[in-house]
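The values are calculated or read from the model by the stated rules, or taken from the named source; none is laboratory data. Small disclaimer: the values here were computed from a predicted structure and weren't measured. Neighbour counts run over all protein chains shown; Cβ positions are idealised from the backbone, glycine included. With ligands, DNA and RNA removed, areas are computed over all heavy atoms of the protein, side chains included. Shrake-Rupley method; radii C 1.70, N 1.55, O 1.52, S 1.80 Å.
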Amino acid sequence: MIIITLLVTIGAPLTIISFIIYSDKFKEPLDLILKTFVLGIFLCIPAGELNSWLIQSPDQSYFAGLTEESLKFLVLYFYIRPKTAFNEPMDAIVYGTIASLGFATLENLSYVYAGSPDVDSMTIAIMRATSAIPLHASCGIIMGYFFGLHAFLGSKSSLIKSLIIPILIHATYNYLTGFGFLWFYFLFAVMFYAQSLHKKVSDLQLTKSMEQENKAI
C-alpha cells in the first residue's frame, strides 16, 4: 500500500508532464526539461515562506494563488525566455506545465505524507490527483499559452494575462473549496479551457515543418 500511495502521489503529475512533452511535435532538450522540473520543486521553499506570512487562517488560502503562480511566472520570464531552446509557442506551454507540476509534485508529497493524521494518506493522494494536480497543470498550460503569445507575437496584454489569469483561477479554486463541491465544477471548466488552448497551439504546430520561430521580445 505504501508503494501504491507513492505511485499515485508522484504518478499523477508525472503522467501529465509526459503527456505534455509527447504532445510536442518538436521535443525539448531533456536537460532543460529536468532543470525546469527541479526549479519548480525549489519554488516550494519561497512559496511556503510567503504563504505562511500571507495566510493567517484557512479562509485566506486564496493568497496561495498569488504567491505560487507569481513564482512560476518568474521561471518562465527569467529562466526559460532567454533559452535558445525556447523557440516556438508550444515551448511556453511545455515549460510552464513542467515548472507548475514540479512545484505540485513536492507539494503533493508534503500533503500526502505530512497531512492530517485523521485522513488516510492514500485517500489524500487520490483526492489531490483529481483536484490540486489538474489545477496546477491547467494553470501551467494557460500561463504558457499567453506567455507564448507575448514572446512570439509581442503581445503586451498577453504577458499580463499569463500572470493574472492563473492567479485568479488558483485563488478562486482555493476560495471555492470552502463551499462544498463548487470547486469541482469550477475545476472542470478550467480544465476544459486549458485543454482547448493546448489543442489550439498543438493543431497549429502540426502544420509546421520547422520548429524555429523568431521571438518578438
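Helical content alone sets the calculated 222 nm signal of the chain at -24500 deg cm²/dmol, taking -39,500 (n - 2.57) per DSSP H segment of four or more residues and averaging over every residue.
Shown for segment 73-141: the carbon plus sulfur share of the solvent-accessible area, taken with all protein chains present and a 1.4 angstrom probe, equals 65%. Restriction of the chymotrypsin sites (Phe, Trp or Tyr not before Pro) in segment 148-217 to DSSP coil positions whose beta-carbon has at most 16 other beta-carbons within 10 angstrom yields Phe179, Phe181. Available extension along the chain between Gln212 and Lys83 is 45.2 nm, counting 0.36 nm per residue and deducting the alpha carbon span.
Taking every protein chain into account, the accessible area of segment 49-148 amounts to 38 square angstrom per residue (probe 1.4 Å). Comparing mean-square fluctuations of Gln205, Gln56, Gln195 from a GNM of the chain with C-alpha springs under 10 Å, the top value falls on Gln56.
A Förster distance of 41 Å, applied to the separation of the beta-carbon atoms of Asp203 and Ile4, puts the FRET efficiency at 0.65.
Between the helical axis of 44-54 and the longest alpha-carbon principal axis of the chain there is an angle of about 60 degrees.
Rg and Dmax of segment 130-175, based on Cα coordinates, read 11.3, 35 Å. In the calculated pair-distance distribution of segment 43-85, the portion above 18 angstrom amounts to 34 percent of the Cα-Cα pairs. Per residue, the convex hull around the alpha carbon atoms of segment 126-217 comes to 93 Å³.
Placing a label point 7 Å from the Cα of Thr172 along the Cα-to-Cβ line, the residues of segment 126-159 whose backbone N sits under 15 Å from it are 135-136, 138-140, 142-143. Can you list the residues of segment 186-215 with backbone N under 20 Å from a point 7 Å past the Cα of Lys25, pointing along Cα to Cβ? Only 195-215 fall inside the zone, counting backbone N under 20 Å.
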